[in-house]
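**Student:** To start, I am sharing the structure in question, which I have written as structure tokens.
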6 protein chains.
Amino acid sequence: MQNTNLLVVSAHAADFVWRAGGTMAKYAKGGANVSLVILSYGVRGESNDLWNVEGQTSDNVKRIRRAEIEEAAGHLGVEQMEIWDFDDYHMQITEERLNRLTAHIRKVKPHHIISHGPKDAFNPDHETVSKYVFDASVLSTSNGVRIEGTTTAKQARLFGFEPHQSEISNFKPDVIIDITDVYDRKQAAMNCFKAQGHLIEYYGGKAMLRGNHARRCSGNGAYKYAEAFSRFFPYVGGELV
Amino acid sequence: MQNTNLLVVSAHAADFVWRAGGTMAKYAKGGANVSLVILSYGVRGESNDLWNVEGQTSDNVKRIRRAEIEEAAGHLGVEQMEIWDFDDYHMQITEERLNRLTAHIRKVKPHHIISHGPKDAFNPDHETVSKYVFDASVLSTSNGVRIEGTTTAKQARLFGFEPHQSEISNFKPDVIIDITDVYDRKQAAMNCFKAQGHLIEYYGGKAMLRGNHARRCSGNGAYKYAEAFSRFFPYVGGELV
Amino acid sequence: MQNTNLLVVSAHAADFVWRAGGTMAKYAKGGANVSLVILSYGVRGESNDLWNVEGQTSDNVKRIRRAEIEEAAGHLGVEQMEIWDFDDYHMQITEERLNRLTAHIRKVKPHHIISHGPKDAFNPDHETVSKYVFDASVLSTSNGVRIEGTTTAKQARLFGFEPHQSEISNFKPDVIIDITDVYDRKQAAMNCFKAQGHLIEYYGGKAMLRGNHARRCSGNGAYKYAEAFSRFFPYVGGELV
Amino acid sequence: MQNTNLLVVSAHAADFVWRAGGTMAKYAKGGANVSLVILSYGVRGESNDLWNVEGQTSDNVKRIRRAEIEEAAGHLGVEQMEIWDFDDYHMQITEERLNRLTAHIRKVKPHHIISHGPKDAFNPDHETVSKYVFDASVLSTSNGVRIEGTTTAKQARLFGFEPHQSEISNFKPDVIIDITDVYDRKQAAMNCFKAQGHLIEYYGGKAMLRGNHARRCSGNGAYKYAEAFSRFFPYVGGELV
Amino acid sequence: MQNTNLLVVSAHAADFVWRAGGTMAKYAKGGANVSLVILSYGVRGESNDLWNVEGQTSDNVKRIRRAEIEEAAGHLGVEQMEIWDFDDYHMQITEERLNRLTAHIRKVKPHHIISHGPKDAFNPDHETVSKYVFDASVLSTSNGVRIEGTTTAKQARLFGFEPHQSEISNFKPDVIIDITDVYDRKQAAMNCFKAQGHLIEYYGGKAMLRGNHARRCSGNGAYKYAEAFSRFFPYVGGELV
Amino acid sequence: MQNTNLLVVSAHAADFVWRAGGTMAKYAKGGANVSLVILSYGVRGESNDLWNVEGQTSDNVKRIRRAEIEEAAGHLGVEQMEIWDFDDYHMQITEERLNRLTAHIRKVKPHHIISHGPKDAFNPDHETVSKYVFDASVLSTSNGVRIEGTTTAKQARLFGFEPHQSEISNFKPDVIIDITDVYDRKQAAMNCFKAQGHLIEYYGGKAMLRGNHARRCSGNGAYKYAEAFSRFFPYVGGELV
């Protein structure tokens, strides 16, 4: 994984941890450059517990979430992180924002991008971000899209996070990544979001279930924990993978 | 690809050439063990031109097709080949035939199996064979399925050929294999089936189109010819492929 | 649930426990008549661990599995159980077997039938049984299907088990049943199948995940454990459920 | 429609009337050769009312249904009709039956075949017949399928009846045929099946609804009654239809 | 149904009558609080007949449609109704409008919301409204979405109307509601829209067809008229419904 | 085809040539009025090669592309053409633009409209245009949509271009048009876009493949080249096409 650039784009503060934390840690451990863009702090849509505190303010929620994000990203080995502080619930994409992400992709030149898949049965922001990342990735490859100070990128491989309720979001696991050897890092990162204990339990269970699927699909008994992703378009290469 | 066992199961005489000949040649060139089971000579369903010859007989059709198969398999580097001589159009699977393929898989212990995908809008045999191969691959892994002289296999990765009319057969390319460096071998193999000139032209065109898709999906301009396959279940492993 | 007849049809020995044990216990506790047909002992396809024992025989596997089944069914409150001892892997349905199940449905007159859904990405028997149960349920309602000693049944509601790998089996949860108050019984039943420890862990995780989904879909925080089912045809009645 | 051969294959006695009676009448009126194969009398699955008569026998049901069929076919202008008297509920296709239909297609040389579509949420026979007709139509075109006294047919266009519950049977209307000018004939044919009054009302309602759809899709206000069909494969020709 | 809050959101003037009038009447009769939001008068898209009158004006169309709506809502037992007077054809959703509906849901606290489903093959407004209602229902549950004077709602069950051409709009009936005992009220409400006689006939036919489906799915012969809805996410509860 | 109005709406400069050039030429040859709206020059998204030239400007790209378009349209027999010069990559639809296309459709009164289908796996503009054309076609038929100087149109038949990567764009060929007798004109038109040699080869291959499909679906050996389209809603008429 040396010299591989992996870019993760997360709609809200913690999406990347629950859904791709193990894969990020695995790539970081393997020597890849793992970078992260977090589009919003999830102030409105993903901070229910914080708002139960008397006198809560938007700024204070952001402060708390930033601390959580930074700690979690550290556990996963993220090299470079940006928080773009869009409003969430619901998120809106403007031409300026599309240009910004397009330029960012051209700068990072990722081999792989992981972000939200096209459908999420309970989260309209995730669907918005999925299209946002797809559009920007396509624009990033076209040299008629002139953005000062950038050069075109090659088409990145796009992968979709597993949504929270997979089946009713039309999610199919196309790629299951074994995260057994870095699962402790994912756990450490998940534990940074203490206010969301039910999600720590939930995504712990998911990792175990996907590990079971990994064993059944491959016959390889060493897989204990795994994460699943969808693909946006086919694998291309020289081997039957 | 050293030490990789690739098994191809072809319903009729030439299916393997049109749809996977390049990938077979690539694996053979890379040092894999490529083996082939051809279930029928395609006497009834895929030998239209031969039957236009006055006085044609079933035995003669088989003789001609065997010669074509053997020559084509040679071009592709097939190490081991069996022709099981089932009747085609339409093909029927019995318990005995299911056991035979199960036992064969246990003997070959393939890492990958390529055969027909679950739907083919114009060929009922291809659908029958798809289920046949899937069932046998599942049975081959279960040690309660007792077959004298065999031991269980690990679950093989299953890949589906591209059917002739892909869209109306619900085919999605999950894996596109670059065959640029072995395309001459595929051409040589296709040319063994001289009576089917329209198919030689057709699958030449397909290889060029899939090469175009390979370039667009990857940004890699070196891909000129390619073959597409569907997957039966997710990729499992350590990298985002 | 008084006066409700619930029939569960299980392809192999333990399918009913993992996938519907909680719902069966809930109905039994609520006063319903819960009955069970187990089509096979799962000797060939679902007894891998037992066959690892030196000198194992088919009869001995059946003996062990029967004891497990009976103990588990007891925990769940099953009133009436039959084991039909079909061969599995793969299972075959004859006219005689279709008549037998049709007659059984006419005798039991179930309001609800739970069995396997139409697709299972790794288990051909489950697909066979799904069609078997559907066909028999349709035949059971037609009074031109003359079977000595039976009278026609009303069309039962048909529900499909959640398959082991739900997404690649095209499973959508249509109905999620809260099993929180009977979860101890499901656990007790699962623990009867000690040789399959990985499944006990797996389906424990599943129940927790489905409980999370139940809370999110309903806003009802009391749901902790749940089971999911597909429907074969629409709900009909007087309320928006 | 002069010189057009239209073949309709009906699983049970009355399927052709409810689902294609208007189109058959339209083609007959337009000068086409309309022929009909009825595979079963529907004794077991589609004669519920008759079996409510004390002392009913299978032979008597067949006698009554034959009279209804013949009268209805007369109203629709059917030129040639065969009843093959297979058992229904459920129907089974043997090699001999496949050969028989293949030979029949070769004899009739239909330009269009109308029969059951691939899925019917409540009628397993309809699914069986759909595959039966498709398989035979494919075999009929292959000159390696040697059947004494027959010559190969061109691939017929295949159309699927609208199933009784369209949406849950995955039916999409691909072709909507205006039957306004022959609707009286369809009504006359439907009225031959007096014992099934609820179906006469039902398919009268359907014809009116499809007429509404026909107006909306085309902007042509003259369409009052219509029938819908699915296609098995694409339209091919010289105009955008 | 006592203490149940049912909210219906209708894109245009009469959508609620054709598609959910019977269910609304049933709930009203059963003691539920039935409330209604009508987003537009359908001036541009659903008042073709009125615009055929010489000298017609937008204000006059609104006046006429308001009278029809009020009379129809009276027949159905609607307790509280608002007309928001958005422009239609095509309708646009702003942040302000999203907040307005979110706040309304928080005020009404509906157990069930019925509105348009996600796809309508001939009506872009219906698709816009479907997403609008879904988004607002999600936002209404999140306590980070701060709207003065409101408190969060529990997630409502969301149901989709049957679109006019169901199959090509990917509609599946998940829930079929028996409206036999209130069908006279639905008829009275439909008759308020005299200018649309073809729709009165059409949706009368639909109610009869769905009644037939209700009988077939349940075996309950008492169902004569029914309405069908899709679900946005699974049923959750304690019984197999 | 006399008196038939065919309107083609192309997102970028050359889309119409690759995907519908043969059908346009066929209609023009048959005496139809073929008109064309090109929404953008494809400056940003489809002129990669031109931007590789040192000192390239947007105006110069437009100049070059206009010359290519005009020459190609001449070969195909287009009678009336407009270039609306929207920005591409990505294209945005405003109310003003929606009105403009609605008015244009009312002026042209097309029997058939060919444009982009609803999904394109690599081109967000194509999806935008698909919805744009659909929306405008619906609005054009509603006489409540008051646009000065226009009268309502009848609902046109809508057809979708084949997207570049058909399967991953969910494209199904519903209609395959034989273009054998005008293929030389399509070739001449394609050759106007010399800078895109790989597309000339690609769409030449496609035409040959679709010709093969046309032969197989119809049994008509005269078809050599063809183009495929999807339909937006069912065919309505008097014959089984």
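The values are calculated or read from the model by the stated rules, or taken from the named source; none is laboratory data. Not measured: the values here are computed from a predicted model. Glycine also receives a Cβ, built like all others from the backbone with ideal geometry; neighbour counts cover every protein chain displayed. In case anyone asks, the SASA skips ligands and DNA or RNA and just uses the protein heavy atoms, side chains included. Shrake-Rupley method; radii C 1.70, N 1.55, O 1.52, S 1.80 Å.
**Student:** What number of residues in the range A:128-146 are in a helix (DSSP H, G or I) and either farther than 10 Å from A:H116 by Cα or not polar (S, T, N, Q) (or both)? Let's see the steps before the verdict.
**Tutor:** Going through the range A:128-146, the residues in a helix (DSSP H, G or I) turn out to be A:128-140.
Still in the list and also either farther than 10 Å from A:H116 by Cα or not polar (S, T, N, Q) (or both): A:129, A:131-140.
Number satisfying all stated conditions: 11.
**Student:** Another question, then. Is there a residue in the range A:147-168 that is in a helix (DSSP H, G or I) and either open to solvent by 10 Å² or more (accessible area, probe 1.4 Å) or free of Cβ contacts under 8 Å to residues at least 12 places away in the same chain (or both)? Even if it seems obvious, please write down each step before you answer.
**Tutor:** We begin by selecting, within the range A:147-168, every residue in a helix (DSSP H, G or I); these are A:167-168.
Then keep just the ones that are either open to solvent by 10 Å² or more (accessible area, probe 1.4 Å) or free of Cβ contacts under 8 Å to residues at least 12 places away in the same chain (or both); that gives A:167-168.
Yes.
**Student:** Turning to a different aspect of this structure: Six or more apart or on different chains, Cβ under 8 Å: which pairs go from a residue in the range B:69-90 that's within 19 Å of D:V145 (Cα to Cα) and of a type outside the set (A, V, I, L, M, F, W, C) to one that's in a loop (DSSP other than H, G, I, E, B) and open to solvent by 30 Å² or more (accessible area, probe 1.4 Å)? Could you list them?
**Tutor:** Hits for this filter: B:D87/B:R44; B:D88/B:R44; B:D88/B:E46; B:Y89/B:R44.
**Student:** Can you pull out every residue in the range B:200-216 that is more than 9 Å from chain F (Cβ to nearest Cβ) and of a type in the set (A, V, I, L, M)? Write out each step before concluding.
**Tutor:** Taking the range B:200-216 and keeping what is more than 9 Å from chain F (Cβ to nearest Cβ), we get B:200, B:203, B:207, B:210-211, B:214.
Result: B:I200, B:A207, B:A214.
**Student:** Here is a list of conditions, (1) away from chain E (no Cβ under 14 Å); (2) under 22 Å from A:A207 (Cβ atoms); (3) aromatic (F, W, Y), and C:F171 meets all of them except one; can you say which number that is?
**Tutor:** With respect to (1) away from chain E (no Cβ under 14 Å); (2) under 22 Å from A:A207 (Cβ atoms); (3) aromatic (F, W, Y), C:F171 is out only on (1).
**Student:** Among the residues of the range E:217-241, count how many are away from chain C (no Cβ under 11 Å) and under 21 Å from the mean Cα position of the chain (by Cα).
**Tutor:** Within the range E:217-241, residues that are away from chain C (no Cβ under 11 Å) and under 21 Å from the mean Cα position of the chain (by Cα) number 1.
**Student:** So, one more: Can you tell me which of D:F233, D:F159, D:F229 is in contact with an Asp or Glu (Cβ under 7 Å, 6 or more places away or on another chain) and within 25 Å of D:P110 (Cβ to Cβ)? Before you say what the answer is, go through the steps one by one.
**Tutor:** On the way: D:F233 fails: in contact with an Asp or Glu (Cβ under 7 Å, 6 or more places away or on another chain); D:F159 fails: in contact with an Asp or Glu (Cβ under 7 Å, 6 or more places away or on another chain).
None of the others qualify; the one that does is D:F229.
A quick yes/no check of all residues on (1) surrounded by 24 or more Cβ atoms within 10 Å (Cβ to Cβ); (2) within 19 Å of F:L240 (Cα to Cα); (3) more than 14 Å from chain B (Cβ to nearest Cβ):
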site: D:H104; (1), (2), (3): no, no, yes
site: D:K109; (1), (2), (3): no, yes, yes
site: D:I114; (1), (2), (3): yes, yes, yes
site: D:N123; (1), (2), (3): yes, no, yes
site: D:T128; (1), (2), (3): no, no, no
site: D:Y132; (1), (2), (3): no, no, no
site: D:D135; (1), (2), (3): no, no, no
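**Student:** I'm told E:Q155 meets every condition in (1) within 14 Å of chain C (Cβ to nearest Cβ); (2) in contact with a helix residue (DSSP H, G or I) (Cβ under 6 Å, 6 or more places away or on another chain) except one. Can you identify the failing condition by its number?
**Tutor:** It fails just one condition, (2).
**Student:** Only residues that are out of contact with any Leu (no Cβ under 9 Å at 6 or more places or on another chain) and in a loop (DSSP other than H, G, I, E, B): list them for the range E:52-62, please. Working first, answer last.
**Tutor:** Here is the first cut: in the range E:52-62, the ones out of contact with any Leu (no Cβ under 9 Å at 6 or more places or on another chain) are E:52-55, E:57-59, E:62.
Result: E:N52, E:V53, E:E54, E:G55, E:T57.
**Student:** For A:D184, are the conditions met, namely being closer than 16 Å to A:M24 by Cα, more than 16 Å from the chain's Cα centre (by Cα) and at the interface with another protein chain (Cβ under 7 Å from one of its Cβ atoms)?
**Tutor:** Working: closer than 16 Å to A:M24 by Cα: yes; more than 16 Å from the chain's Cα centre (by Cα): yes; at the interface with another protein chain (Cβ under 7 Å from one of its Cβ atoms): no.
When the stated conditions are applied, A:D184 does not pass them.
**Student:** Regarding the range A:140-158, can at least one residue be identified that is at pLDDT 95 or above and within 30 Å of B:F134 (Cβ to Cβ)?
**Tutor:** Within the range A:140-158 (the criterion being at pLDDT 95 or above and within 30 Å of B:F134 (Cβ to Cβ)), the answer is yes, since at least one residue qualifies.
Residue by residue, here is whether (1) assigned to a helix (DSSP H, G or I); (2) touching a residue at least 60 places away in the same chain (Cβ under 8 Å); (3) of a type in the set (V, I, T) holds:
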| residue | (1), (2), (3) |
| --- | --- |
| D:K172 | no, no, no |
| D:K186 | yes, yes, no |
| D:A195 | yes, yes, no |
| D:G205 | yes, no, no |
| D:R215 | yes, no, no |
| D:N220 | no, no, no |
| D:E227 | no, yes, no |
| D:F233 | no, yes, no |
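**Student:** Need the failing condition index for B:E54 against (1) under 21 Å from B:Y89 (Cβ atoms); (2) more than 21 Å from the chain's Cα centre (by Cα); (3) open to solvent by 50 Å² or more (accessible area, probe 1.4 Å), just the number.
**Tutor:** The number of the failed condition is (1).
**Student:** Looking at B:A189, B:A214, which is the one that is modelled with pLDDT of 95 or more, more than 25 Å from F:I168 (Cβ to Cβ), surrounded by 23 or more Cβ atoms within 10 Å (Cβ to Cβ) and not β-branched (V, I, T)?
**Tutor:** On the way: B:A214 fails: more than 25 Å from F:I168 (Cβ to Cβ).
Only one candidate qualifies: B:A189.
**Student:** Now, a different point. Checking F:N48 against (1) under 16 Å from the mean Cα position of the chain (by Cα); (2) at pLDDT below 95: exactly one of these is not met. Which one?
**Tutor:** Here F:N48 clears every test but (1).
**Student:** What's the number of the condition B:E96 fails, among (1) acidic (D, E); (2) open to solvent by less than 40 Å² (accessible area, probe 1.4 Å); (3) assigned to a helix (DSSP H, G or I)?
**Tutor:** Evaluating B:E96 over (1) acidic (D, E); (2) open to solvent by less than 40 Å² (accessible area, probe 1.4 Å); (3) assigned to a helix (DSSP H, G or I) leaves (2) as the failure.
**Student:** Which of the residues belonging to the range C:22-51 are within 11 Å of another protein chain (Cβ to nearest Cβ), open to solvent by 10 Å² or more (accessible area, probe 1.4 Å), free of Cβ contacts under 8 Å to residues at least 60 places away in the same chain and not in a loop (DSSP other than H, G, I, E, B)?
**Tutor:** Across the range C:22-51, the qualifying residues are C:N48, C:W51.
**Student:** Among the residues of the range C:1-21, write down those that are within 14 Å of chain B (Cβ to nearest Cβ) and not hydrophobic (A, V, I, L, M, F, W, C).
**Tutor:** Hit for the range C:1-21 is C:H12, nothing else.
Residue-by-condition table, conditions (1) out of contact with any strand residue (DSSP E or B) (no Cβ under 6 Å at 6 or more places or on another chain); (2) of a type outside the set (G, A, S):
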position	(1), (2)
A:A156	no, no
A:N170	yes, yes
A:N191	yes, yes
A:G197	yes, no
A:E201	yes, yes
A:Y235	no, yes
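**Student:** Next up: Applying the selection to the range C:63-93, what residues are within 17 Å of C:A20 (Cα to Cα) and part of a helix (DSSP H, G or I)?
**Tutor:** If the condition is that a residue be within 17 Å of C:A20 (Cα to Cα) and part of a helix (DSSP H, G or I), then C:E68, C:I69, C:E70, C:E71, C:A72, C:A73, C:G74, C:H75, C:L76 are the ones that fit.
**Student:** Are any residues in the range D:169-184 crowded, with 22+ Cβ neighbours inside 10 Å and over 27 Å from E:P163 (Cβ atoms), and if so, which ones?
**Tutor:** D:V182
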